[in-house]
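The values are calculated or read from the model by the stated rules, or taken from the named source; none is laboratory data. The model shown is predicted, which means the values in this text are computed figures rather than measured ones. We place every Cβ from the backbone using ideal geometry, glycine too, and count neighbours over all the protein chains shown. Keep in mind that these areas ignore ligands, DNA and RNA; they rest on the heavy atoms of the full protein, side chains included. Shrake-Rupley method; radii C 1.70, N 1.55, O 1.52, S 1.80 Å.
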Amino acid sequence: MQTLNCNFHIHSQRSACAGAEMTLVNILRESDRLGYQRIGICDHAHRKRDGMAEHLRLARSTVKRLGSKVEVLLGCEAEMHSPADISISRATAKECDYVLVAANHYHLSWVENPRLKSARAYARHYLKMFEGAIDSGLCHVVAHPFVIWRIQGVETEEIFRCYRDGDLRFLLKKAAKRDVALELNPRHALQFSGFFRRLLEICRSAGCQFVVGSDAHALQAIRLPISCQQLSRLGFRNDDFIVPAKCRQSGGAVPAQA
Ligand SMILES: [Zn+2]
Ligand SMILES: [Zn+2]
């Protein structure tokens with residue numbers, strides 16, 4: 001079976017929600033074992049002054065000391081607290097190889113939710129959060145895009161139906177213009193294949209590309225739960241994928257490997 005050779009959304013043990021086994025040594029060993037060419041480690045940056053910049057400098061020197069065949073990018077997973085408020089500072093973003101931004105962390109108590117708990121209200125609010133991520137000027141990749149889950153009484157699929165093609169096209173064109181990519185979380189693509197087919201079509205016409213990331217919180221989740229064949233059945237091609245922002249010049253798409 002063919003697999004993709006990279007994963008750009010891996011949490012280390014610095015993220016409170018990740019397992020204790022997610023040390024840099026273990027992450028590198030597992031990625032090497034899987035034959036990955038590049039990985040990206042992105043821990044949560046929930047607040048502006050949380051020591052992320054210092055952490056990144058330290059992690060960079062640790063990765064260098066460990067040495068690895070796998071190219072390691074170090075970024076963070078920032079989040080939108082509201083459409084106009086992103087969780088990181090420009091100074092922290094500068095320390096990152098790329099910044100993932102989650103615009104759908106509605107389960108966190110400090111993240112603004114719409115007043116009305118309906119699919120339509122969440123869809124409308126999310127599109128504003130997504131646009132806010134682009135407008136922040138700090139976002140390279142929108143993490144797990146458009147999927148809103150864990151809202152009591154509101155179905156994820158129902159929210160998908162509330163996104164209008166015209167609104168998606170407008171935002172994705174804007175994203176492409178600002179060099180903002182979308183994350184492709186394989187689990188979401190398989191679970192919500194209908195929506196992701198629709199999204200892919202709109203992304204192609206808007207010129208927006210994808211970055212692969214599994215949102216791994218445990219070692220076993222570093223392996224992507226999707227094969228190249230499954231991705232191609234969903235309609236994806238190699239040239240739909242890029243490596244995130246700053247290293248874009250160092251290589252194009254994500255080649256498949258046996
Ligand atoms: Zn997240
Ligand atoms: Zn994450």
Lys/Arg +1, Asp/Glu -1 at C-beta; the range 3-257 dipole; positive extreme among VAL111, ALA18, VAL70: VAL70
Heavy-atom accessible area of the range 37-107 with neighbours in place, 1.4 angstrom probe: carbon+sulfur share in percent works out to 51 percent
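Classify the chain as rounded, prolate or oblate from the Cα gyration tensor: take a ≥ b ≥ c as the square roots of its eigenvalues, call it rounded if a/c is under 1.5, otherwise prolate when a/b beats b/c and oblate if not.
Details: a/c = 1.60, a/b = 1.23, b/c = 1.31.
Judged from the Cα gyration tensor, the chain comes out oblate (a/c at least 1.5, b/c at or above a/b).
Using Cα pairs closer than 8 Å and at least 6 residues apart in sequence, work out the relative contact order for the chain, in percent. Display every interim value, and only then the final one.
Details: 485 pairs, mean separation 59.6, N = 258.
Reported as a whole number, the value is 23 percent.
Give a quick list of trypsin sites (Lys or Arg not before Pro) in the range 53-107 that DSSP marks as loop, anything other than H, G, I, E or B, with at most 10 other Cβ atoms within 10 Å. Each step should come with its number before you reach the end.
Numbers: sites: ARG57, ARG60, LYS64, ARG65, LYS69, ARG90, LYS94; in loops: LYS69.
In loop regions of the range 53-107 (DSSP not H, G, I, E or B), the sparsely surrounded trypsin sites (Lys or Arg not before Pro) are LYS69.
Per residue, how large is the accessible surface of the chain? Use a 1.4 angstrom probe and give square angstrom. List each step's numbers first, then the result.
On the way: 11690 Å² over 258 residues.
Using a 1.4 Å probe on heavy atoms only, each residue of the chain averages 45 Å².
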Mean residue ellipticity (222 nm) of the chain, computed from DSSP H runs ≥ 4 via -39,500 (n - 2.57), nearest 500: -11000 deg cm²/dmol
If one computes the Cα centroid of the range 9-31 and of the range 47-72, what distance in Å separates the two points? 12 Å
Amide H neighbours of ALA181 under 5 Å, at least 5 residues apart or on other chains, H built in the peptide plane: list them. VAL141, VAL142
As a test, work out the antiparallel percent of DSSP beta bridges whose residues both lie in the chain, rounded to the nearest 5. 15 percent
Hey, can you grab everything whose amide H is under 5 Å from the amide H of GLU71? Only 5+ residues off in sequence or another chain; H modelled, so Pro and N-termini drop out. ARG38, ILE39
Compactness of the range 1-137 - radius of gyration and Dmax, Cα, Å: 16.5, 51
Classify the range 40-113 as rounded, prolate or oblate from the Cα gyration tensor: take a ≥ b ≥ c as the square roots of its eigenvalues, call it rounded if a/c is under 1.5, otherwise prolate when a/b beats b/c and oblate if not. prolate
Per-residue HN-Hα couplings for the range 77-87 [Karplus 6.51, -1.76, 1.60; θ = phi - 60°; Hz; x = Gly/Pro]: 9, 7, 8, 8, 7, 7, x, 10, 10, 9, 7
